[in-house]
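Asker: Sharing a structure, written as structure tokens. Questions coming.
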Ligand code: GLN
């Protein structure tokens with residue numbers, strides 16, 4: 001081998017290593033399960049449906065779908081096989097949504113039977129034990145047939161397809177094969193008819209059931225179907241809302257107690273993930289709010305569960321501690337910041353006397369920033385934290401910007417707490433919601449009309465509003481129509497009357513209507529504005545507000561440093577200001593150096609104050 005090809009071989013093998021090394025750990029783990037369990041050839045193909053014996057016993061596919069819609073796939077994850085009993089969980093879901101739980105529960109129980117899936121035994125009151133065994137599943141198809149008639153199968157096929165995120169077909173051969181031989185199921189159906197559980201058209205109901213069992217899926221499909229259950233009924237790949245969230249809990253319950261036939265108790269003890277298997281060799285397992293797993297390997301154990309599929313589920317659960325009862329949480333992490341306004345203020349610049357009131361009354365405003373999904377325990381913790389400072393701050397700002405959802409139980413506790421606080425005079429200000437926010441809707445369902453609750457989209461607006469309340473309550477409300485004199489400008493402090501008069505001669509009084517844009521980012525910066533009446537907002541072109549300013553304050557002062565405007569300034573109200581051209585100021589400064597020195601010093605002091613505030617904010621947030 002010459003030097004160049006030797007070198008490229010080394011590079012190749014490094015690249016391969018890198019490729020493997022950057023594989024996500026879950027993909028690597030599933031790959032190692034596949035490698036290891038492929039060697040297990042135990043178990044046997046289901047043969048009571050003759051067509052199933054044509055399956056290839058070496059097929060082995062694994063797929064995991066996450067609730068954010070990522071799909072991992074290993075081996076024969078795209079080989080189609082018949083869904084069989086795995087359909088039972090999803091058809092039960094459809095029956096619940098279509099007929100309502102009362103009608104479904106009147107016909108089918110939810111007790112584990114402890115018997116094989118094809119047992120003909122019913123409960124003492126002649127109902128199928130649960131919808132995960134054949135009797136219950138046939139009853140379920142019967143219920144759907146009651147509503148949909150001849151369209152029942154098509155409705156089921158479409159629903160299974162929505163769970164999988166693609167249109168599914170039937171395997172005609174398997175369907176015909178089971179129809180020709182399925183006398184045991186036929187006996188179960190007629191027995192159910194005898195007890196009026198299956199009401200009419202027994203053959204048509206059986207046909208619906210046989211056909212639903214022969215729908216073709218892949219391990220990948222099963223993973224996405226499971227992930228839809230794990231994701232509260234919303235398919236994480238397509239975004240389709242397939243079934244209602246409360247239906248999901250009912251389906252997962254019976255999967256937990258009865259999904260693996262007479263192995264269910266052992267399964268929930270060892271694996272602890274709601275699951276359902278089928279004699280086609282498929283298993284679905286759904287871990288709520290985490291992942292969906294789909295496996296395919298057609299050799300079955302004596303219970304009718306896929307041998308390799310079971311092993312994958314057991315290994316995954318053991319390796320990553322996924323047992324659904326094995327959970328831990330620290331509710332204390334749900335508050336990321338808790339402060340009053342001594343270190344953080346709104347972006348609205350205040351007059352000195354306003355500032356003084358805010359400094360004295362800084363603990364009248366409490367801000368709590370929360371993070372993560374808030375459940376019952378997290379909200380309980382928050383309500384206790386709220387009570388730990390007495391007296392309560394009269395203005396309580398609760399920032400939900402980093403809260404993706406609040407559970408119904410949490411929302412109820414929260415609403416009750418806001419009502420109690422409202423009764424003792426605390427105004428709650430909720431922030432951080434987009435319009436149409438689900439979190440906000442869930443909270444308002446439990447907030448009584450009498451509560452004192454206000455709502456702002458942005459935290460900064462909420463702080464500004466709360467500051468206004470404090471200033472107003474303590475007699476410091478500023479009249480923004482009052483005209484101020486240039487000597488009140490912070491930037492011009494220490495200038496003599498004469499010097500100010502000279503400066504005024506160079507300037508022009510400007511008037512703007514509310515809503516007018518006074519300066520725009522990117523424009524040449526060659527003047528400073530001193531506000532005499534009204535309010536302006538300094539905003540980035542994106543609309544983010546940097547500051548709100550009123551009489552006695554200036555804007556455009558950065559022109560002394562930067563020759564281009566860095567932000568837009570808008571008139572919030574009718575505005576009057578004095579515009580001082582910068583070139584004149586510079587010329588004037590050259591004639592009277594002390595004046596330009598004063599202004600430069602004042603500017604430096606202003607910038608330093610802004611920096612101190614910005615640092616305080618950074619420091620506060622990073623200390624949590
Ligand atoms: N169609 C099959 C039957 O009714 C389904 C059984 C199963 O997958 N466990 O027997």
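Asker: Could you list, in sequence order, the residues of segment 340-370 that are in a strand (DSSP E or B) and out of contact with any helix residue (DSSP H, G or I) (no Cβ under 6 Å at 6 or more places or on another chain)?
Answerer: 366, 367, 368, 369
Asker: If only one of 114, 136, 142 is farther than 23 Å from residue 227 by Cα, away from the ligand (no atom under 13 Å from the Cβ) and surrounded by 24 or more Cβ atoms within 10 Å (Cβ to Cβ), which one is it?
Answerer: Step by step, each of 114, 136, 142 is checked, and only 142 is farther than 23 Å from residue 227 by Cα, away from the ligand (no atom under 13 Å from the Cβ) and surrounded by 24 or more Cβ atoms within 10 Å (Cβ to Cβ).
Asker: Sticking with this structure for a sec: Take the residues in segment 239-255 that are in contact with a helix residue (DSSP H, G or I) (Cβ under 8 Å, 6 or more places away or on another chain) and within 14 Å of residue 65 (Cβ to Cβ); name whichever of them is surrounded by the fewest Cβ atoms within 10 Å (Cβ to Cβ).
Answerer: The extreme case among them is 240.
Asker: Filter segment 204-232 down to residues that are within 16 Å of the ligand (Cβ to nearest atom) and not in a helix (DSSP H, G or I) and give me whichever is nearest to the chain's Cα centre (by Cα).
Answerer: Per the criteria, the residue is 217.
Asker: If you check 65, 46, which single one turns out to be closer than 27 Å to residue 258 by Cβ, touching a helix residue (DSSP H, G or I) at 6+ places or on another chain (Cβ under 7 Å) and within 12 Å of the ligand (Cβ to nearest atom)?
Answerer: Only one candidate qualifies: 46.
Asker: Now for a different question. Return the pair list, or none, for Cβ contacts closer than 6 Å from residues in segment 180-198 that are within 10 Å of the ligand (Cβ to nearest atom) to residues that are outside any helix (DSSP H, G or I) and at pLDDT below 95, at least 6 apart or on different chains.
Answerer: 184/118; 188/120
Asker: Only one of 201, 171 is over 21 Å from residue 110 (Cα atoms), more than 16 Å from the ligand (Cβ to nearest atom) and either over 34 Å from the mean Cα position of the chain (by Cα) or loosely packed, with under 14 Cβ neighbours inside 10 Å (or both). Can you tell me which?
Answerer: Residue meeting the stated conditions: 201.
Asker: Return the only residue of 556, 552, 589 being at pLDDT below 85 and within 17 Å of residue 606 (Cβ to Cβ).
Answerer: Of 556, 552, 589, the one residue that is at pLDDT below 85 and within 17 Å of residue 606 (Cβ to Cβ) is 552.
Yes/no per residue for (1) over 25 Å from residue 151 (Cα atoms); (2) free of Cβ contacts under 8 Å to residues at least 24 places away in the same chain:
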residue: 215; (1), (2): no, no
residue: 220; (1), (2): yes, no
residue: 246; (1), (2): yes, yes
residue: 258; (1), (2): yes, no
residue: 262; (1), (2): yes, no
residue: 274; (1), (2): yes, no
residue: 284; (1), (2): yes, no
residue: 298; (1), (2): yes, no
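Asker: With (1) over 48 Å from the mean Cα position of the chain (by Cα); (2) in contact (Cβ under 8 Å) with a residue 12 or more places away in the chain as the list, and residue 529 as the residue in question, which single condition is left unmet?
Answerer: In the conditions (1) over 48 Å from the mean Cα position of the chain (by Cα); (2) in contact (Cβ under 8 Å) with a residue 12 or more places away in the chain, residue 529 misses (1) alone.
Asker: How many residues, within segment 263-286, are within 30 Å of residue 100 (Cβ to Cβ) and within 15 Å of the ligand (Cβ to nearest atom)?
Answerer: The total comes to 9.
Asker: Looking at segment 177-184, is at least one residue out of contact with any helix residue (DSSP H, G or I) (no Cβ under 7 Å at 6 or more places or on another chain), more than 20 Å from residue 276 (Cβ to Cβ) and outside any helix (DSSP H, G or I)?
Answerer: No, segment 177-184 contains no residue that is out of contact with any helix residue (DSSP H, G or I) (no Cβ under 7 Å at 6 or more places or on another chain), more than 20 Å from residue 276 (Cβ to Cβ) and outside any helix (DSSP H, G or I).
Asker: Still on this structure, please answer the following. Find the residue count for segment 110-132, including only residues that are touching a residue at least 24 places away in the same chain (Cβ under 8 Å) and either touching a strand residue (DSSP E or B) at 6+ places or on another chain (Cβ under 7 Å) or more than 17 Å from residue 252 (Cβ to Cβ) (or both).
Answerer: 13
Asker: Sticking with this structure for a sec: Could you list, in sequence order, all residues of segment 386-415 that are in a helix (DSSP H, G or I), buried (at least 16 other Cβ atoms within 10 Å of the Cβ) and out of contact with any helix residue (DSSP H, G or I) (no Cβ under 6 Å at 6 or more places or on another chain)?
Answerer: 386, 412, 415
The values are calculated or read from the model by the stated rules, or taken from the named source; none is laboratory data. This is a predicted model, so every value here is computed, not measured. Positions of Cβ are backbone-derived with ideal geometry, glycine not excepted, and every protein chain shown enters the neighbour counts.
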